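Quick notes on the structure that follows.
Values in this text are rule-based calculations from the coordinates and carry no lab data. All values derive from a computational prediction rather than experimental measurement. Here the Cβ is made from the backbone with ideal geometry for all residues, glycine too, and neighbour counts use every protein chain on show.
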Amino acid sequence: MQKMFEGIIVSAKMQNTVVVEVFRKKPHPLYKRLIKRSTKFKVDTAGQSVNAGDKVKIIETRPVSKGKHFKLMEVIK
């Protein structure tokens, strides 16, 4: 089963690569209050034109390079 995430493009300065920040909420181990956490992924765009600030859907794939393990599925907004 492949992992799918929705996130916001933070940086689009590289060639065929964007950085997508994905937010998730998880409970605090002791206090059980929800805490907002984020992770940044390098995503392969495969020639699609996207800009910083776009909301996108990404999917896990085989390693494209040392740091890229995700591909851009679709641009939501």
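In the range 27-62, which residues are surrounded by 11 or more Cβ atoms within 10 Å (Cβ to Cβ), without any contact (Cβ under 8 Å) to a residue 24 or more places away in the chain and of a type outside the set (A, V, I, L, M)?
Passing the criteria: Ser38, Thr39.
Just name the residue that is farthest from the chain's Cα centre (by Cα) out of those in the range 15-26 that are farther than 17 Å from Met4 by Cβ and surrounded by 11 or more Cβ atoms within 10 Å (Cβ to Cβ).
Asn16
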